[in-house]
Protein chains: 2
Amino acid sequence: MNSTEVTLGIDIGGTNTLFGLVDQEGNCHLRGKIPTEADKPADEMFKRLFVKFRDTTSEFSQSFTIKGVGVGAPNANHYTGKIENPPNLSWKSIDLVELINNHINLPVAVTNDANAAALGELMFGNAKDMQNFIEITLGTGLGSGIVVNGELVYGHDGFAGEMGHVIIERNGRLCGCGRHGCLEAYVSATGITRTVKELLSSSDKPSLLRNIPIDRLDSKKIYDAALANDELAREAFETTGRLLGETLANAVAYFSPEAIFLFGGLAAAGDYIFKPVKEHMEANLLHIFKNKVKILPSGLPMGEAAILGAGALIWHQLSA
Amino acid sequence: MNSTEVTLGIDIGGTNTLFGLVDQEGNCHLRGKIPTEADKPADEMFKRLFVKFRDTTSEFSQSFTIKGVGVGAPNANHYTGKIENPPNLSWKSIDLVELINNHINLPVAVTNDANAAALGELMFGNAKDMQNFIEITLGTGLGSGIVVNGELVYGHDGFAGEMGHVIIERNGRLCGCGRHGCLEAYVSATGITRTVKELLSSSDKPSLLRNIPIDRLDSKKIYDAALANDELAREAFETTGRLLGETLANAVAYFSPEAIFLFGGLAAAGDYIFKPVKEHMEANLLHIFKNKVKILPSGLPMGEAAILGAGALIWHQLSA
């Protein structure tokens with residue numbers, strides 16, 4: 001029987017940690033999931049992870065040859081192989097490569113989740129033939145993975161690509177990072193929710209969203225209201241898209257990418273977000289960049305994207 | 001007699017076009033200069049240029065082996081080999097490679113002046129061991145050349161690295177590009193002059209600069225006034241440095257460079273510009289980038305930098 005070459009992709013999240021085997025065509029095999037339980041030590045999580053992994057894969061061990069382990073995790077540093085002070089995990093600094101090599105003796109490569117998504121887009125998604133593009137992940141926060149000349153931009157210390165923390169408004173909204181006016185304080189699931197709260201409290205405009213207790217508002221409910229023609233919800237999407245579009249016009253001046261991909265929860269709102277993003281990016285572009293840069297949805301399937309991206313990390317290294 | 005390997009570096013400017021032979025150590029030999037006369041056809045300029053070049057070099061033709069021709073010029077595109085709608089030249093679109101190969105049959109590589117300066121910094125200046133850095137050229141405008149993973153960021157179309165046209169203030173100052181609020185409308189020789197004019201007209205603050213007819217103000221006179229302890233001139237430098245520092249903090253979030261080099265006229269103002277740039281960049285950096293990114297003067301000699309950068313373009317290609 002022929003054995004399929006795969007990489008093991010691991011996505012470490014604040015709540016769950018996912019894994020799966022990723023082949024060269026971007027198919028995801030034998031997926032599994034455990035709770036991260038980030039309040040307990042990291043080595044316990046990896047013990048549970050590899051117990052679950054062996055349970056899931058043992059009867060198929062002849063079918064797959066694993067080439068290496070790719071990991072996507074918040075604040076994971078490609079150069080050091082460590083997670084350093086992850087925002088939603090209590091682990092401080094942990095050495096991912098060492099922890100994983102305790103369980104499996106294969107090459108390990110790590111990066112943050114947005115960079116992993118960018119590599120997934122490059123290998124298996126809508127960026128297959130592109131050398132220069134930007135991947136924006138719109139979740140609770142805003143992440144970005146930037147590809148230049150076919151390679152991820154890691155920068156000097158491995159932490160490049162933090163577009164969520166570009167300051168777009170001096171003395172603007174307080175961001176989780178402690179500074180004011182960061183893009184992700186406006187453009188993210190939490191950002192659009194804050195925009196709605198501001199709109200609700202600063203005007204008497206009628207809105208379906210007034211029927212929801214303010215602390216239960218979230219981006220999903222705002223999207224549902226927009227679908228139901230709620231003007232205030234649509235205004236919130238317009239504002240969110242405008243701020244992202246204006247910021248992307250500046251990002252184009254730096255990178256001149258072929259395309260910018262929007263991925264994640266907010267991107268699922270389709271035209272409500274894509275339309276204002278495109279319109280305000282174009283309106284703010286330097287003339288030489290006008291009508292050149294595509295704003296596209298990610299081609300990665302939402303549920304598997306993080307695993308595919310993590311798996312792509314090893315495939316990308318092997319192809320270099 | 002041993003012949004020294006060199007590249008021919010050509011810098012095309014609005015007023016003058018310079019050339020010189022650049023060896024691998026970054027020495028510049030047999031420099032020459034002709035007026036660009038950009039109101040006449042480009043092929044006439046190149047005819048005059050190569051007449052002058054042969055006059056200058058003919059008696060040394062045994063001493064040098066020329067490996068190729070590198071050209072730095074406004075709006076020159078590395079991918080196409082063309083100058084496209086240069087701001088200070090009347091040439092519309094010209095094919096530099098073809099025009100030069102009419103006179104000399106060697107490989108030709110072209111790029112814009114800021115990218116050439118960045119390559120010069122990489123090969124011969126203060127960025128010698130760096131893989132990730134940003135070169136900012138402060139002249140009449142503001143140019144930038146960005147190096148990621150040891151390579152220039154050209155982007156999809158060859159026009160990346162336009163930091164001068166990052167919008168830093170919505171509905172801000174009108175820029176030469178026709179948009180409002182671009183960095184170079186504030187941070188450049190013309191930018192600081194506009195800042196002084198605003199300060200002079202919006203306050204009664206005494207200043208040496210009030211003795212100068214407003215249309216004769218320039219960055220040199222502002223620097224002289226600052227040296228003479230003129231408070232308004234110093235305020236103009238502080239504002240200019242603050243705006244550049246704030247913008248660089250955002251650029252660091254994208255690129256996480258090892259260093260940022262300031263080159264050109266305004267950079268010669270030393271601490272008047274470097275101090276506020278450093279202070280306001282640090283104050284605005286995301287915590288993971290604090291105290292990591294150096295702001296440094298260029299290591300290229302002012303008079304030869306453009307030729308060295310153009311010459312470096314070929315050396316860099318040969319070393320790839």
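The values are calculated or read from the model by the stated rules, or taken from the named source; none is laboratory data. Because the structure is predicted, anything quoted here is derived from the model rather than measured. Using ideal geometry, Cβ is built from the backbone for each residue, glycine included, and neighbour counts are taken over all protein chains shown.
One residue stands out in region B:251-278 among those that are of a type in the set (Gly, Ala, Ser) and more than 8 Å from every other protein chain (Cβ to nearest Cβ): the one that is nearest to B:Ala114 (Cα to Cα), namely B:Gly264. Which of the following residues is buried (at least 19 other Cβ atoms within 10 Å of the Cβ), over 21 Å from B:Thr190 (Cα atoms), in contact with a helix residue (DSSP H, G or I) (Cβ under 7 Å, 6 or more places away or on another chain) and free of Cβ contacts under 8 Å to residues at least 40 places away in the same chain: B:Ala253, B:Ala233? When all the criteria are applied, what remains is B:Ala253.
Quick check, is B:Leu208 surrounded by fewer than 24 Cβ atoms within 10 Å (Cβ to Cβ) and of a type in the set (A, V, I, L, M, F, W, C)? So B:Leu208 passes the test.
In region B:228-243, the count of residues that are touching a strand residue (DSSP E or B) at 6+ places or on another chain (Cβ under 6 Å) and not β-branched (Val, Ile, Thr) is zero.
Considering the conditions (1) surrounded by 18 or more Cβ atoms within 10 Å (Cβ to Cβ); (2) facing chain A (nearest Cβ under 10 Å); (3) within 21 Å of A:Ile134 (Cβ to Cβ), B:Cys175 is excluded by exactly one of them, (3).
Kindly indicate the residue of region A:14-29 that is assigned to a loop (DSSP other than H, G, I, E, B) and within 18 Å of the chain's Cα centre (by Cα) and also modelled with the highest pLDDT among those meeting that condition. Per the stated criteria, the residue is A:Gly26. Looking only at residues in region B:135-157 that are touching a Phe, Trp or Tyr at 6+ places or on another chain (Cβ under 6 Å) and of a type in the set (Val, Ile, Thr), the one that is farthest from the other protein chains (Cβ to nearest Cβ) is B:Thr137. Filtering B:Ile260, B:Ile288 for residues that are surrounded by fewer than 20 Cβ atoms within 10 Å (Cβ to Cβ), under 24 Å from A:Val148 (Cα atoms) and of a type in the set (A, V, I, L, M) leaves a single hit, B:Ile288. Reported count of residues in region B:6-47, each being over 27 Å from B:Ser90 (Cα atoms) and in contact (Cβ under 8 Å) with a residue 40 or more places away in the chain, is 8.
Please verify whether A:Thr56 is free of Cβ contacts under 8 Å to residues at least 40 places away in the same chain, of a type in the set (S, T, N, Q) and surrounded by 16 or more Cβ atoms within 10 Å (Cβ to Cβ), treating the condition exactly as stated.
Working: free of Cβ contacts under 8 Å to residues at least 40 places away in the same chain: yes; of a type in the set (S, T, N, Q): yes; surrounded by 16 or more Cβ atoms within 10 Å (Cβ to Cβ): yes.
In short, yes.
Contact annotation: no residue pair with Cβ atoms under 8 Å, 6 or more positions apart or on different chains, pairs a residue in region A:107-132 that is within 13 Å of another protein chain (Cβ to nearest Cβ) with a partner that is assigned to a helix (DSSP H, G or I) and among the β-branched types (Val, Ile, Thr).
With the requirement that a residue be of a type outside the set (Asp, Glu), within 24 Å of B:His156 (Cβ to Cβ) and within 15 Å of the chain's Cα centre (by Cα), what does region A:154-179 give you? Across region A:154-179, the qualifying residues are A:Ala160, A:Gly161, A:Met163, A:Gly164.
Restricting region B:180-205 to residues that are surrounded by 19 or more Cβ atoms within 10 Å (Cβ to Cβ) and not in a helix (DSSP H, G or I), the residue that is nearest to the chain's Cα centre (by Cα) is B:Ser188. For the subset of region B:267-285 comprising residues that are in a helix (DSSP H, G or I) and of a type in the set (A, V, I, L, M, F, W, C), which member is surrounded by the fewest Cβ atoms within 10 Å (Cβ to Cβ)? In this case the residue turns out to be B:Ala283. Residues of region B:225-268 that are aliphatic (A, V, I, L, M) and either modelled with pLDDT under 95 or not assigned by TED's automatic domain parsing to the domain that holds B:Ser188 (or both): B:Leu266, B:Ala267, B:Ala268. Residues that are crowded, with 16+ Cβ neighbours inside 10 Å and of a type in the set (Gly, Ala, Ser) were ranked within region B:1-31; the one that is farthest from B:Phe124 (Cα to Cα) is B:Gly13.
For A:Gly141, the stated conditions hold: it is small (Gly, Ala, Ser), modelled with pLDDT under 95 and not assigned by TED's automatic domain parsing to the domain that holds A:Glu37. Before we move on, is B:Lys33 farther than 15 Å from B:Leu96 by Cα, touching a Ser or Thr at 6+ places or on another chain (Cβ under 9 Å) and assigned to a loop (DSSP other than H, G, I, E, B)? So B:Lys33 fails the test. Can you tell me which residues in region B:100-117 are buried (at least 21 other Cβ atoms within 10 Å of the Cβ) and farther than 27 Å from B:Ala127 by Cβ? Residue satisfying the conditions is B:Ile100 alone. I'd like to know if region B:258-266 contains one or more residues that are part of a helix (DSSP H, G or I) and more than 27 Å from B:Leu18 (Cβ to Cβ). Within region B:258-266, none of the residues are part of a helix (DSSP H, G or I) and more than 27 Å from B:Leu18 (Cβ to Cβ). So, in region A:61-111, exactly how many residues are charged (D, E, K, R) and assigned to a loop (DSSP other than H, G, I, E, B)? The number of residues fulfilling the criteria is 1.
From the list A:Leu248, A:Leu296, A:Leu300, the one residue that fits, being buried (at least 24 other Cβ atoms within 10 Å of the Cβ), within 14 Å of chain B (Cβ to nearest Cβ) and either touching a residue at least 40 places away in the same chain (Cβ under 8 Å) or outside any helix (DSSP H, G or I) (or both), is A:Leu248. For region B:158-172, the set of residues classified as among the charged types (D, E, K, R) and more than 8 Å from chain A (Cβ to nearest Cβ) consists of B:Glu169 only.
For region B:234-244, indicate whether the set of residues that are of a type outside the set (Phe, Trp, Tyr) and touching a Phe, Trp or Tyr at 6+ places or on another chain (Cβ under 6 Å) is non-empty.
First pass over region B:234-244, keeping only residues of a type outside the set (Phe, Trp, Tyr): B:234-236, B:238-244.
Among the residues that remain, those that are also touching a Phe, Trp or Tyr at 6+ places or on another chain (Cβ under 6 Å) are: B:243.
Taking every residue of region B:234-244 in turn, at least one turns out to be of a type outside the set (Phe, Trp, Tyr) and touching a Phe, Trp or Tyr at 6+ places or on another chain (Cβ under 6 Å).
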